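In what follows, a structure is listed as C-alpha coordinates, so that the remarks can point back to it.
The values are calculated or read from the model by the stated rules, or taken from the named source; none is laboratory data. It should be emphasised that the depicted structure is a prediction, and the values quoted were computed from it without experimental measurement. Positions of Cβ are backbone-derived with ideal geometry, glycine not excepted, and every protein chain shown enters the neighbour counts. To get the accessible areas, we keep the full protein, side chains included, count just its heavy atoms, and leave off ligands, DNA and RNA. Shrake-Rupley method; radii C 1.70, N 1.55, O 1.52, S 1.80 Å.
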2 protein chains.
Amino acid sequence: MYAQTLILDGNRVANQIKEDLAARVGQLTAKGIQPCLATILVGDDPSSETYVRMKGNACRRLGIHSRRIHLDQSTTTDELIAVIQELNEDSQVHGILLQHPVPHHVDERAAFEAIQPEKDVDGVTMLGFAQNAFGIASFPSCTPAAIIAILDHYQIPIAGKHAVVIGRSPILGKPVSLMLLNRNATVTICHSKTEGLEHLVRLADIVVAAVGKPAFVQGDWIKQGAVILDAGYNPGNIGDVDYEACLPIASAITPVPAGVGPVTIAMLLKHTIDAAEMTNQ
Amino acid sequence: MYAQTLILDGNRVANQIKEDLAARVGQLTAKGIQPCLATILVGDDPSSETYVRMKGNACRRLGIHSRRIHLDQSTTTDELIAVIQELNEDSQVHGILLQHPVPHHVDERAAFEAIQPEKDVDGVTMLGFAQNAFGIASFPSCTPAAIIAILDHYQIPIAGKHAVVIGRSPILGKPVSLMLLNRNATVTICHSKTEGLEHLVRLADIVVAAVGKPAFVQGDWIKQGAVILDAGYNPGNIGDVDYEACLPIASAITPVPAGVGPVTIAMLLKHTIDAAEMTNQ
(Lines give C-alpha, C1' and ligand atoms only; values in the text may rest on other atoms or scores of the structure.)
Protein backbone atom coordinates (compact mmCIF):
# COMPACT_ATOMS: atom_id res chain seq x y z
CA MET A 1 0.00 0.00 0.00
CA TYR A 2 1.45 3.34 -1.06
CA ALA A 3 1.18 6.00 1.67
CA GLN A 4 -0.66 8.65 -0.31
CA THR A 5 -1.67 8.08 -3.88
CA LEU A 6 -2.00 11.27 -5.88
CA ILE A 7 -5.04 11.34 -8.17
CA LEU A 8 -3.94 13.04 -11.38
CA ASP A 9 -6.99 15.19 -11.98
CA GLY A 10 -7.40 15.75 -15.70
CA ASN A 11 -10.10 18.37 -15.23
CA ARG A 12 -7.80 20.42 -13.04
CA VAL A 13 -4.97 20.22 -15.59
CA ALA A 14 -7.35 21.01 -18.46
CA ASN A 15 -8.84 23.97 -16.62
CA GLN A 16 -5.46 25.51 -15.98
CA ILE A 17 -4.50 25.09 -19.64
CA LYS A 18 -7.81 26.62 -20.71
CA GLU A 19 -7.39 29.60 -18.36
CA ASP A 20 -4.08 30.40 -20.07
CA LEU A 21 -5.70 29.90 -23.46
CA ALA A 22 -8.63 32.19 -22.70
CA ALA A 23 -6.20 35.11 -22.31
CA ARG A 24 -4.60 34.26 -25.64
CA VAL A 25 -7.98 34.02 -27.38
CA GLY A 26 -8.72 37.49 -26.00
CA GLN A 27 -5.52 38.88 -27.49
CA LEU A 28 -6.27 37.31 -30.88
CA THR A 29 -9.85 38.59 -30.87
CA ALA A 30 -8.60 42.09 -30.04
CA LYS A 31 -6.53 41.88 -33.23
CA GLY A 32 -9.61 40.83 -35.20
CA ILE A 33 -8.60 37.18 -35.45
CA GLN A 34 -11.10 34.55 -34.46
CA PRO A 35 -9.34 31.19 -33.96
CA CYS A 36 -11.22 28.50 -35.87
CA LEU A 37 -11.10 24.70 -35.76
CA ALA A 38 -12.75 22.78 -38.59
CA THR A 39 -13.84 19.26 -37.67
CA ILE A 40 -14.69 16.68 -40.32
CA LEU A 41 -16.85 13.68 -39.50
CA VAL A 42 -17.43 11.07 -42.20
CA GLY A 43 -20.39 8.74 -41.65
CA ASP A 44 -22.69 8.20 -38.70
CA ASP A 45 -20.71 6.39 -36.02
CA PRO A 46 -22.43 7.48 -32.77
CA SER A 47 -19.22 7.58 -30.64
CA SER A 48 -17.47 9.65 -33.30
CA GLU A 49 -20.44 12.03 -33.39
CA THR A 50 -20.16 12.39 -29.61
CA TYR A 51 -16.42 13.06 -29.74
CA VAL A 52 -16.79 15.68 -32.47
CA ARG A 53 -19.63 17.38 -30.58
CA MET A 54 -17.55 17.46 -27.37
CA LYS A 55 -14.63 19.03 -29.23
CA GLY A 56 -16.92 21.60 -30.87
CA ASN A 57 -18.51 22.51 -27.53
CA ALA A 58 -15.07 22.87 -25.90
CA CYS A 59 -14.06 25.26 -28.70
CA ARG A 60 -17.14 27.40 -28.34
CA ARG A 61 -16.83 27.67 -24.55
CA LEU A 62 -13.35 29.12 -25.07
CA GLY A 63 -14.34 31.51 -27.87
CA ILE A 64 -12.82 29.39 -30.65
CA HIS A 65 -15.01 29.18 -33.71
CA SER A 66 -15.98 25.60 -34.50
CA ARG A 67 -16.83 24.78 -38.09
CA ARG A 68 -18.46 21.35 -38.23
CA ILE A 69 -18.39 19.46 -41.50
CA HIS A 70 -20.41 16.25 -41.61
CA LEU A 71 -19.91 14.13 -44.73
CA ASP A 72 -21.99 11.22 -45.89
CA GLN A 73 -20.93 7.61 -45.19
CA SER A 74 -20.51 7.14 -48.97
CA THR A 75 -17.91 9.95 -49.32
CA THR A 76 -14.92 8.86 -51.43
CA THR A 77 -11.27 9.46 -50.59
CA ASP A 78 -11.04 12.02 -53.40
CA GLU A 79 -14.12 13.89 -52.19
CA LEU A 80 -12.76 13.96 -48.63
CA ILE A 81 -9.36 15.21 -49.82
CA ALA A 82 -11.08 17.95 -51.85
CA VAL A 83 -12.87 19.13 -48.68
CA ILE A 84 -9.57 19.13 -46.76
CA GLN A 85 -7.87 21.11 -49.52
CA GLU A 86 -10.59 23.74 -49.40
CA LEU A 87 -10.01 24.08 -45.67
CA ASN A 88 -6.24 24.26 -46.24
CA GLU A 89 -6.79 27.24 -48.53
CA ASP A 90 -9.33 28.96 -46.27
CA SER A 91 -7.47 31.59 -44.27
CA GLN A 92 -10.34 31.73 -41.73
CA VAL A 93 -9.55 28.13 -40.68
CA HIS A 94 -6.54 27.60 -38.40
CA GLY A 95 -6.86 23.93 -37.50
CA ILE A 96 -8.31 20.85 -39.22
CA LEU A 97 -9.38 17.71 -37.38
CA LEU A 98 -10.46 14.63 -39.31
CA GLN A 99 -12.25 12.38 -36.83
CA HIS A 100 -10.81 8.86 -36.73
CA PRO A 101 -11.96 6.32 -37.87
CA VAL A 102 -13.26 7.04 -41.36
CA PRO A 103 -15.34 4.43 -43.25
CA HIS A 104 -13.34 1.41 -44.45
CA HIS A 105 -13.48 2.36 -48.14
CA VAL A 106 -11.71 5.68 -47.45
CA ASP A 107 -7.89 5.84 -47.45
CA GLU A 108 -7.46 7.48 -44.04
CA ARG A 109 -3.69 7.89 -44.39
CA ALA A 110 -4.08 9.72 -47.71
CA ALA A 111 -6.69 11.99 -46.14
CA PHE A 112 -4.51 12.72 -43.10
CA GLU A 113 -1.56 13.54 -45.38
CA ALA A 114 -3.71 16.04 -47.28
CA ILE A 115 -3.91 18.22 -44.16
CA GLN A 116 -1.49 21.16 -44.42
CA PRO A 117 1.16 20.70 -41.68
CA GLU A 118 0.48 24.21 -40.31
CA LYS A 119 -3.16 23.23 -39.72
CA ASP A 120 -2.50 19.70 -38.44
CA VAL A 121 -3.53 20.54 -34.87
CA ASP A 122 -4.45 16.91 -34.14
CA GLY A 123 -0.92 15.72 -35.03
CA VAL A 124 -1.84 13.05 -37.58
CA THR A 125 0.48 13.75 -40.53
CA MET A 126 3.69 11.82 -41.10
CA LEU A 127 5.72 15.03 -41.18
CA GLY A 128 4.29 16.02 -37.79
CA PHE A 129 5.11 12.55 -36.42
CA ALA A 130 8.72 12.78 -37.58
CA GLN A 131 9.19 16.35 -36.33
CA ASN A 132 7.86 15.28 -32.95
CA ALA A 133 10.10 12.19 -32.99
CA PHE A 134 13.13 14.36 -33.76
CA GLY A 135 12.22 16.94 -31.11
CA ILE A 136 11.49 19.63 -33.74
CA ALA A 137 8.63 22.00 -32.84
CA SER A 138 5.34 20.69 -34.25
CA PHE A 139 1.84 19.73 -33.15
CA PRO A 140 2.17 16.32 -31.53
CA SER A 141 -0.88 14.04 -31.39
CA CYS A 142 -3.17 15.36 -28.67
CA THR A 143 -3.32 12.33 -26.35
CA PRO A 144 0.49 11.94 -26.13
CA ALA A 145 0.75 15.70 -25.57
CA ALA A 146 -1.88 15.41 -22.80
CA ILE A 147 0.10 12.66 -21.05
CA ILE A 148 3.21 14.83 -21.00
CA ALA A 149 1.18 17.86 -19.88
CA ILE A 150 -0.25 15.92 -16.91
CA LEU A 151 3.23 14.78 -15.82
CA ASP A 152 4.50 18.35 -16.14
CA HIS A 153 1.53 19.87 -14.31
CA TYR A 154 2.17 17.62 -11.31
CA GLN A 155 5.95 18.09 -11.66
CA ILE A 156 6.51 14.35 -11.97
CA PRO A 157 10.07 13.78 -13.21
CA ILE A 158 10.50 12.01 -16.56
CA ALA A 159 14.28 12.14 -17.14
CA GLY A 160 16.11 8.98 -16.13
CA LYS A 161 12.84 7.17 -15.34
CA HIS A 162 11.84 3.89 -16.95
CA ALA A 163 8.57 4.34 -18.84
CA VAL A 164 6.71 1.28 -20.11
CA VAL A 165 4.19 2.09 -22.84
CA ILE A 166 1.59 -0.57 -23.65
CA GLY A 167 0.39 0.03 -27.21
CA ARG A 168 2.09 1.08 -30.45
CA SER A 169 -0.46 2.96 -32.55
CA PRO A 170 0.72 5.81 -34.82
CA ILE A 171 -1.23 8.44 -32.86
CA LEU A 172 -0.66 7.20 -29.32
CA GLY A 173 1.81 4.46 -28.39
CA LYS A 174 4.54 5.38 -30.88
CA PRO A 175 4.49 9.17 -30.45
CA VAL A 176 4.18 9.10 -26.65
CA SER A 177 7.13 6.69 -26.52
CA LEU A 178 9.25 9.06 -28.59
CA MET A 179 8.16 12.10 -26.54
CA LEU A 180 9.08 10.35 -23.29
CA LEU A 181 12.38 9.32 -24.89
CA ASN A 182 13.09 12.92 -25.95
CA ARG A 183 12.45 13.93 -22.35
CA ASN A 184 15.23 11.50 -21.36
CA ALA A 185 13.11 8.62 -20.10
CA THR A 186 14.24 5.08 -20.87
CA VAL A 187 11.29 3.67 -22.80
CA THR A 188 10.01 0.13 -23.29
CA ILE A 189 7.27 -0.29 -25.91
CA CYS A 190 5.00 -3.30 -25.38
CA HIS A 191 2.07 -4.62 -27.42
CA SER A 192 -0.11 -7.63 -28.14
CA LYS A 193 2.89 -9.79 -29.14
CA THR A 194 4.94 -8.94 -26.03
CA GLU A 195 5.90 -11.96 -23.93
CA GLY A 196 5.99 -11.61 -20.14
CA LEU A 197 4.20 -8.27 -20.23
CA GLU A 198 3.51 -8.17 -16.49
CA HIS A 199 7.22 -8.63 -15.69
CA LEU A 200 8.10 -5.66 -17.89
CA VAL A 201 5.32 -3.46 -16.47
CA ARG A 202 6.63 -4.27 -13.00
CA LEU A 203 9.93 -2.55 -13.93
CA ALA A 204 8.20 0.71 -14.80
CA ASP A 205 8.47 3.98 -12.92
CA ILE A 206 5.88 5.34 -15.38
CA VAL A 207 3.21 3.15 -17.01
CA VAL A 208 1.27 4.41 -20.04
CA ALA A 209 -1.70 2.19 -20.90
CA ALA A 210 -2.87 2.69 -24.47
CA VAL A 211 -4.04 -0.76 -25.40
CA GLY A 212 -7.82 -0.41 -25.81
CA LYS A 213 -8.79 -3.29 -23.50
CA PRO A 214 -10.96 -2.56 -20.45
CA ALA A 215 -9.23 -2.90 -17.04
CA PHE A 216 -6.34 -4.75 -18.73
CA VAL A 217 -3.46 -3.62 -16.50
CA GLN A 218 -3.66 -5.51 -13.19
CA GLY A 219 -2.78 -4.31 -9.72
CA ASP A 220 -0.16 -7.02 -9.21
CA TRP A 221 1.69 -5.88 -12.39
CA ILE A 222 2.55 -2.53 -10.80
CA LYS A 223 5.70 -1.60 -8.92
CA GLN A 224 5.13 0.12 -5.56
CA GLY A 225 5.10 3.85 -6.21
CA ALA A 226 4.76 3.75 -10.00
CA VAL A 227 2.99 6.57 -11.86
CA ILE A 228 0.11 5.31 -14.02
CA LEU A 229 -1.37 7.15 -17.01
CA ASP A 230 -4.45 5.51 -18.45
CA ALA A 231 -5.17 6.62 -22.02
CA GLY A 232 -7.84 3.95 -22.47
CA TYR A 233 -11.46 4.83 -22.96
CA ASN A 234 -13.61 1.76 -23.32
CA PRO A 235 -17.42 1.48 -23.35
CA GLY A 236 -18.93 2.14 -19.95
CA ASN A 237 -16.30 4.75 -18.99
CA ILE A 238 -13.73 2.06 -18.26
CA GLY A 239 -10.01 2.67 -18.79
CA ASP A 240 -7.27 0.24 -19.75
CA VAL A 241 -6.16 0.00 -16.11
CA ASP A 242 -7.86 -1.83 -13.23
CA TYR A 243 -8.10 1.43 -11.29
CA GLU A 244 -9.31 0.07 -7.95
CA ALA A 245 -6.57 -2.57 -7.89
CA CYS A 246 -3.79 -0.19 -8.95
CA LEU A 247 -4.82 2.79 -6.82
CA PRO A 248 -3.30 1.58 -3.53
CA ILE A 249 0.03 0.63 -5.20
CA ALA A 250 0.69 3.61 -7.47
CA SER A 251 2.17 6.88 -6.25
CA ALA A 252 0.02 8.71 -8.81
CA ILE A 253 -2.73 7.62 -11.21
CA THR A 254 -5.17 9.13 -13.72
CA PRO A 255 -8.81 8.17 -13.26
CA VAL A 256 -11.17 7.35 -16.16
CA PRO A 257 -13.12 9.47 -16.89
CA ALA A 258 -11.63 12.85 -15.90
CA GLY A 259 -8.04 11.81 -16.44
CA VAL A 260 -6.26 11.93 -19.82
CA GLY A 261 -9.49 12.65 -21.76
CA PRO A 262 -10.16 16.29 -20.81
CA VAL A 263 -6.48 17.19 -21.21
CA THR A 264 -6.50 15.69 -24.72
CA ILE A 265 -9.27 18.12 -25.68
CA ALA A 266 -7.41 21.00 -24.00
CA MET A 267 -4.33 20.18 -26.12
CA LEU A 268 -6.45 20.31 -29.28
CA LEU A 269 -7.64 23.79 -28.26
CA LYS A 270 -4.08 24.83 -27.45
CA HIS A 271 -2.78 23.66 -30.83
CA THR A 272 -5.60 25.53 -32.61
CA ILE A 273 -4.68 28.76 -30.81
CA ASP A 274 -0.97 28.14 -31.47
CA ALA A 275 -1.84 27.80 -35.16
CA ALA A 276 -3.96 30.97 -35.15
CA GLU A 277 -1.12 32.91 -33.50
CA MET A 278 1.38 31.60 -36.04
CA THR A 279 -0.68 32.74 -39.04
CA ASN A 280 -0.67 36.18 -37.44
CA GLN A 281 3.12 36.46 -37.27
CA MET B 1 29.80 -20.02 -21.68
CA TYR B 2 27.42 -20.47 -24.62
CA ALA B 3 27.91 -23.78 -26.42
CA GLN B 4 28.46 -22.45 -29.91
CA THR B 5 28.44 -18.75 -30.63
CA LEU B 6 27.45 -17.90 -34.18
CA ILE B 7 29.56 -15.16 -35.74
CA LEU B 8 27.22 -13.01 -37.81
CA ASP B 9 29.41 -12.51 -40.86
CA GLY B 10 28.55 -9.18 -42.48
CA ASN B 11 30.63 -9.89 -45.56
CA ARG B 12 28.70 -13.08 -46.18
CA VAL B 13 25.34 -11.29 -45.81
CA ALA B 14 26.51 -8.39 -47.99
CA ASN B 15 27.81 -10.74 -50.68
CA GLN B 16 24.53 -12.57 -50.92
CA ILE B 17 22.62 -9.28 -51.19
CA LYS B 18 25.05 -8.08 -53.88
CA GLU B 19 24.70 -11.32 -55.86
CA ASP B 20 20.95 -10.75 -56.05
CA LEU B 21 21.55 -7.12 -56.96
CA ALA B 22 23.99 -7.94 -59.75
CA ALA B 23 21.22 -9.80 -61.59
CA ARG B 24 18.90 -6.81 -61.18
CA VAL B 25 21.58 -4.39 -62.46
CA GLY B 26 21.92 -6.65 -65.50
CA GLN B 27 18.18 -6.43 -66.19
CA LEU B 28 18.21 -2.66 -65.86
CA THR B 29 21.25 -2.30 -68.12
CA ALA B 30 19.57 -4.50 -70.73
CA LYS B 31 16.73 -1.95 -70.76
CA GLY B 32 19.22 0.88 -71.24
CA ILE B 33 19.01 2.10 -67.65
CA GLN B 34 22.22 2.63 -65.72
CA PRO B 35 21.47 2.89 -61.98
CA CYS B 36 23.22 5.94 -60.58
CA LEU B 37 23.99 7.08 -57.04
CA ALA B 38 25.10 10.67 -56.50
CA THR B 39 27.16 11.24 -53.37
CA ILE B 40 27.72 14.72 -51.95
CA LEU B 41 30.63 15.43 -49.65
CA VAL B 42 30.93 18.90 -48.13
CA GLY B 43 34.37 19.82 -46.77
CA ASP B 44 37.51 17.80 -46.19
CA ASP B 45 36.89 15.50 -43.23
CA PRO B 46 39.22 12.54 -43.90
CA SER B 47 36.86 9.84 -42.47
CA SER B 48 33.96 11.21 -44.53
CA GLU B 49 36.17 11.16 -47.63
CA THR B 50 36.98 7.51 -46.90
CA TYR B 51 33.30 6.58 -46.42
CA VAL B 52 32.26 8.30 -49.63
CA ARG B 53 35.08 6.62 -51.56
CA MET B 54 34.11 3.20 -50.16
CA LYS B 55 30.49 3.74 -51.21
CA GLY B 56 31.55 4.88 -54.68
CA ASN B 57 33.81 1.87 -55.12
CA ALA B 58 31.05 -0.51 -54.00
CA CYS B 59 28.73 1.06 -56.59
CA ARG B 60 31.23 0.68 -59.41
CA ARG B 61 32.01 -2.95 -58.56
CA LEU B 62 28.31 -3.70 -58.98
CA GLY B 63 27.86 -1.71 -62.20
CA ILE B 64 26.09 1.20 -60.52
CA HIS B 65 27.25 4.56 -61.78
CA SER B 66 28.70 6.69 -58.99
CA ARG B 67 28.58 10.43 -59.43
CA ARG B 68 30.80 12.07 -56.82
CA ILE B 69 30.18 15.68 -55.92
CA HIS B 70 32.73 17.29 -53.62
CA LEU B 71 31.79 20.75 -52.35
CA ASP B 72 34.03 23.23 -50.63
CA GLN B 73 34.05 23.56 -46.81
CA SER B 74 32.65 27.09 -47.24
CA THR B 75 29.49 25.92 -49.10
CA THR B 76 26.34 27.55 -47.74
CA THR B 77 23.05 25.79 -46.97
CA ASP B 78 21.43 27.47 -49.98
CA GLU B 79 24.24 26.40 -52.31
CA LEU B 80 24.03 22.82 -51.02
CA ILE B 81 20.25 22.76 -51.45
CA ALA B 82 20.63 24.09 -55.01
CA VAL B 83 22.97 21.17 -55.81
CA ILE B 84 20.48 18.71 -54.32
CA GLN B 85 17.62 20.21 -56.33
CA GLU B 86 19.62 19.82 -59.55
CA LEU B 87 20.13 16.15 -58.70
CA ASN B 88 16.41 15.78 -57.88
CA GLU B 89 15.60 17.02 -61.38
CA ASP B 90 18.25 14.93 -63.13
CA SER B 91 16.54 11.80 -64.46
CA GLN B 92 19.92 10.07 -64.79
CA VAL B 93 20.32 10.12 -60.99
CA HIS B 94 18.32 7.54 -58.99
CA GLY B 95 19.68 8.01 -55.49
CA ILE B 96 21.20 10.92 -53.55
CA LEU B 97 23.44 10.51 -50.52
CA LEU B 98 24.55 13.55 -48.53
CA GLN B 99 27.46 12.40 -46.36
CA HIS B 100 26.93 13.16 -42.66
CA PRO B 101 28.20 15.30 -41.00
CA VAL B 102 28.21 18.56 -42.97
CA PRO B 103 30.16 21.61 -41.68
CA HIS B 104 28.61 23.28 -38.63
CA HIS B 105 27.43 26.38 -40.50
CA VAL B 106 25.25 24.26 -42.82
CA ASP B 107 21.67 23.36 -41.79
CA GLU B 108 21.93 19.60 -42.29
CA ARG B 109 18.23 18.95 -41.61
CA ALA B 110 17.19 21.49 -44.27
CA ALA B 111 19.59 19.87 -46.74
CA PHE B 112 18.31 16.35 -45.96
CA GLU B 113 14.70 17.54 -46.40
CA ALA B 114 15.57 18.91 -49.84
CA ILE B 115 16.22 15.38 -51.10
CA GLN B 116 13.25 14.11 -53.12
CA PRO B 117 11.72 11.17 -51.19
CA GLU B 118 11.98 8.88 -54.25
CA LYS B 119 15.76 9.48 -54.30
CA ASP B 120 16.31 9.33 -50.52
CA VAL B 121 18.15 5.99 -50.68
CA ASP B 122 20.03 6.73 -47.44
CA GLY B 123 16.76 7.17 -45.53
CA VAL B 124 17.44 10.59 -44.01
CA THR B 125 14.23 12.55 -44.72
CA MET B 126 11.52 13.00 -42.12
CA LEU B 127 8.90 11.58 -44.47
CA GLY B 128 11.02 8.44 -44.93
CA PHE B 129 11.44 8.16 -41.15
CA ALA B 130 7.69 8.35 -40.56
CA GLN B 131 6.84 5.93 -43.38
CA ASN B 132 9.33 3.47 -41.92
CA ALA B 133 7.91 4.03 -38.41
CA PHE B 134 4.39 3.35 -39.70
CA GLY B 135 5.46 0.27 -41.67
CA ILE B 136 4.76 1.95 -45.02
CA ALA B 137 7.16 0.98 -47.82
CA SER B 138 10.08 3.42 -47.98
CA PHE B 139 13.87 3.51 -47.87
CA PRO B 140 14.81 3.06 -44.22
CA SER B 141 18.17 4.36 -43.02
CA CYS B 142 20.82 1.92 -44.21
CA THR B 143 22.32 0.82 -40.87
CA PRO B 144 18.94 -0.08 -39.31
CA ALA B 145 18.05 -1.89 -42.54
CA ALA B 146 21.37 -3.76 -42.33
CA ILE B 147 20.67 -4.90 -38.77
CA ILE B 148 17.30 -6.33 -39.80
CA ALA B 149 18.88 -7.94 -42.91
CA ILE B 150 21.51 -9.70 -40.78
CA LEU B 151 18.87 -11.08 -38.42
CA ASP B 152 16.80 -12.25 -41.39
CA HIS B 153 19.77 -13.79 -43.21
CA TYR B 154 20.56 -15.93 -40.17
CA GLN B 155 16.86 -16.59 -39.55
CA ILE B 156 17.06 -15.18 -36.04
CA PRO B 157 13.50 -14.64 -34.77
CA ILE B 158 12.49 -11.08 -33.87
CA ALA B 159 8.77 -11.42 -33.02
CA GLY B 160 8.07 -11.70 -29.29
CA LYS B 161 11.74 -11.12 -28.41
CA HIS B 162 12.91 -8.33 -26.13
CA ALA B 163 15.28 -6.03 -28.00
CA VAL B 164 17.30 -3.45 -26.08
CA VAL B 165 18.64 -0.65 -28.29
CA ILE B 166 21.40 1.54 -26.84
CA GLY B 167 21.31 4.86 -28.68
CA ARG B 168 18.54 7.13 -29.97
CA SER B 169 19.88 9.00 -33.01
CA PRO B 170 17.47 9.88 -35.85
CA ILE B 171 19.29 7.64 -38.35
CA LEU B 172 20.09 4.66 -36.13
CA GLY B 173 18.67 4.19 -32.62
CA LYS B 174 15.19 5.56 -33.29
CA PRO B 175 14.55 3.94 -36.68
CA VAL B 176 15.98 0.53 -35.73
CA SER B 177 13.80 0.56 -32.59
CA LEU B 178 10.70 1.22 -34.67
CA MET B 179 11.67 -1.42 -37.25
CA LEU B 180 12.16 -4.05 -34.53
CA LEU B 181 8.84 -2.95 -33.00
CA ASN B 182 7.08 -3.32 -36.36
CA ARG B 183 8.53 -6.84 -36.56
CA ASN B 184 6.78 -7.53 -33.24
CA ALA B 185 9.75 -7.27 -30.89
CA THR B 186 9.25 -5.64 -27.51
CA VAL B 187 11.72 -2.77 -27.61
CA THR B 188 13.53 -0.86 -24.86
CA ILE B 189 15.38 2.29 -25.98
CA CYS B 190 18.31 3.28 -23.74
CA HIS B 191 20.71 6.23 -23.94
CA SER B 192 23.18 8.36 -22.03
CA LYS B 193 20.57 9.34 -19.40
CA THR B 194 19.41 5.76 -18.75
CA GLU B 195 19.79 4.61 -15.16
CA GLY B 196 20.77 1.01 -14.46
CA LEU B 197 21.68 0.37 -18.10
CA GLU B 198 23.41 -2.94 -17.43
CA HIS B 199 20.30 -4.34 -15.70
CA LEU B 200 18.18 -3.49 -18.72
CA VAL B 201 20.70 -4.91 -21.20
CA ARG B 202 20.71 -8.12 -19.17
CA LEU B 203 16.99 -8.55 -20.00
CA ALA B 204 17.62 -8.45 -23.74
CA ASP B 205 17.24 -11.33 -26.18
CA ILE B 206 18.59 -8.94 -28.84
CA VAL B 207 21.07 -6.14 -28.05
CA VAL B 208 21.69 -3.35 -30.57
CA ALA B 209 24.66 -1.18 -29.64
CA ALA B 210 24.57 2.20 -31.38
CA VAL B 211 26.13 4.44 -28.82
CA GLY B 212 29.45 5.51 -30.37
CA LYS B 213 31.67 4.57 -27.42
CA PRO B 214 34.43 2.00 -27.95
CA ALA B 215 33.91 -1.39 -26.24
CA PHE B 216 31.14 0.13 -24.11
CA VAL B 217 28.88 -2.92 -23.71
CA GLN B 218 30.48 -5.28 -21.17
CA GLY B 219 30.44 -9.06 -21.09
CA ASP B 220 28.73 -9.21 -17.70
CA TRP B 221 25.84 -7.09 -19.01
CA ILE B 222 24.78 -9.83 -21.43
CA LYS B 223 22.21 -12.55 -20.84
CA GLN B 224 23.36 -16.07 -21.72
CA GLY B 225 22.39 -16.70 -25.34
CA ALA B 226 21.59 -13.13 -26.32
CA VAL B 227 22.06 -11.95 -29.92
CA ILE B 228 24.37 -8.92 -30.20
CA LEU B 229 24.43 -6.46 -33.10
CA ASP B 230 27.22 -3.93 -32.89
CA ALA B 231 26.58 -0.86 -35.05
CA GLY B 232 29.50 1.02 -33.52
CA TYR B 233 32.52 1.97 -35.54
CA ASN B 234 35.09 3.79 -33.46
CA PRO B 235 38.68 4.75 -34.36
CA GLY B 236 40.95 1.73 -34.55
CA ASN B 237 38.22 -0.58 -35.90
CA ILE B 238 36.64 -0.93 -32.47
CA GLY B 239 32.91 -1.47 -32.05
CA ASP B 240 30.60 -0.38 -29.23
CA VAL B 241 30.73 -3.89 -27.74
CA ASP B 242 33.57 -5.55 -25.81
CA TYR B 243 33.65 -8.35 -28.37
CA GLU B 244 36.07 -10.71 -26.62
CA ALA B 245 34.11 -10.48 -23.37
CA CYS B 246 30.69 -10.91 -24.99
CA LEU B 247 31.64 -13.63 -27.48
CA PRO B 248 31.48 -16.58 -25.05
CA ILE B 249 28.10 -15.47 -23.62
CA ALA B 250 26.16 -14.50 -26.76
CA SER B 251 24.42 -17.02 -29.00
CA ALA B 252 25.27 -14.82 -31.99
CA ILE B 253 27.32 -11.66 -32.44
CA THR B 254 28.51 -9.32 -35.20
CA PRO B 255 32.25 -8.63 -35.29
CA VAL B 256 33.75 -5.17 -35.99
CA PRO B 257 34.86 -4.77 -38.72
CA ALA B 258 33.06 -7.14 -41.12
CA GLY B 259 29.77 -7.05 -39.22
CA VAL B 260 27.09 -4.39 -39.69
CA GLY B 261 29.34 -2.14 -41.82
CA PRO B 262 29.46 -4.07 -45.11
CA VAL B 263 25.73 -4.80 -44.95
CA THR B 264 25.03 -1.08 -44.49
CA ILE B 265 26.77 -0.40 -47.80
CA ALA B 266 24.92 -3.30 -49.45
CA MET B 267 21.61 -1.75 -48.32
CA LEU B 268 22.61 1.57 -49.90
CA LEU B 269 23.24 -0.26 -53.19
CA LYS B 270 19.95 -2.13 -52.87
CA HIS B 271 17.98 1.08 -52.29
CA THR B 272 19.66 2.70 -55.31
CA ILE B 273 18.63 -0.21 -57.51
CA ASP B 274 15.13 -0.22 -56.01
CA ALA B 275 14.91 3.47 -56.91
CA ALA B 276 16.17 2.87 -60.46
CA GLU B 277 13.61 0.09 -60.96
CA MET B 278 10.80 2.32 -59.68
CA THR B 279 11.57 5.13 -62.13
CA ASN B 280 11.28 2.53 -64.86
CA GLN B 281 7.76 1.43 -63.90
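Just a few scattered comments:
- Potential extension, B:HIS100-B:ASP78 segment - 0.36 nm per residue separation minus Cα distance: 6.2 nm
- Relative contact order, percent, chain B [alpha-carbon distance under 8 Å, six or more residues apart]: 23 percent
- Accessible area (Å², 1.4 Å probe, nearest 10) - B:VAL42: 10 Å²
- Average other protein chain Cβ within 10 Å of Cβ, residues B:131-138: 3
- Helix B:46-62 axis, angle to chain B major axis (alpha carbon atoms, nearest 10°): 80 degrees
- Estimated dipole of chain A in Debye, rounded to 20 [Cβ of Lys and Arg +1, of Asp and Glu -1, Cα centre]: 720 debye
- Beta bridges by DSSP in the range B:171-274, antiparallel share as percent, to the nearest 5: 10 percent
- Angle between chain B longest axis and helix B:142-153 axis [Cα atoms, degrees, rounded to 10]: 50 degrees
- Across the identical copies, the 7 Å label point of A:HIS100, projected outward along Cα→Cβ, sits 2.7 nm from its counterparts, in ascending order.
- Around the Cα centre of the range A:32-116, unit charges on the Cβ atoms of Lys, Arg, Asp and Glu (plus for the first two, minus for the last two) sum to a dipole of about 620 debye.
- R0 of 41 Å, Cβ-Cβ distance B:GLN224-A:ASN11: FRET efficiency to nearest 0.05: 0.25
- Put the Cα centre of the range A:260-274 next to the Cα centre of the range B:1-72 and the gap is 47 Å.
- Estimated at 0.36 nm per residue, the fully extended path between B:ALA30 and B:ALA245 surpasses their Cα-Cα distance by 72.4 nm.
- Rotationally averaged projected area of the range A:32-116 (alpha carbon convex hull; nm²): 5.2 nm²
- Other-copy label distances relative to A:GLN218, 7 angstrom Cα-Cβ extension, nm: 3.5
- The residue among A:VAL207, A:VAL13, A:MET267 whose Cα reaches farthest toward the positive pole of the charge dipole of chain A, with charges on the beta-carbon of Lys, Arg, Asp and Glu, is A:VAL13.
- Sites matching GluC sites (Glu not before Pro) across the range A:181-281 that sit in DSSP coil, with at most 16 neighbouring C-beta atoms within 10 Å: A:GLU195
- Scaled radius of gyration (Cα, divided by 2.2 N^0.38 Å) that the range A:141-260 gives: 0.92
- Of A:LEU97, A:LEU178, A:LEU71, the one that fluctuates the most in a GNM where chain A has Cα springs shorter than 10 Å: A:LEU71
- Added length on full extension, which subtracts the Cα-Cα distance from 0.36 nm per residue, B:GLU86 to B:GLU118: 10.1 nm
- For peptide A:171-179, the mean count of partner chain Cβ atoms within 10 Å of a residue's Cβ comes to 2.
- Point-to-point label distance, B:ASP107-B:LYS193, nm (Cα→Cβ direction, 7 Å offset): 2.6 nm
- Relative contact order for the range A:32-116, counting Cα pairs under 8 Å that sit 6 or more residues apart, in percent: 42 percent
- Local electrostatic count, B:VAL260, Cβ distance below 14 Å [Lys/Arg +1, Asp/Glu -1]: -3
- Spherically averaged projected area of the protein assembly as shown from its Cα convex hull (nm²): 27.1 nm²
- Accessible surface ranking for B:LYS174, A:LYS31, 1.4 angstrom probe, highest first: A:LYS31, B:LYS174.
- Nearest-ten-degree value, helix B:77-89 long axis tilted from longest Cα axis of chain B: 80 degrees
- Per residue of A:190-197, other chain Cβ atoms within 10 Å of the residue Cβ number 5 on average.
- Across the identical copies, how the B:ASP152 labels are spaced - nm, sorted shortest first, 7 Å along Cα→Cβ: 3.9
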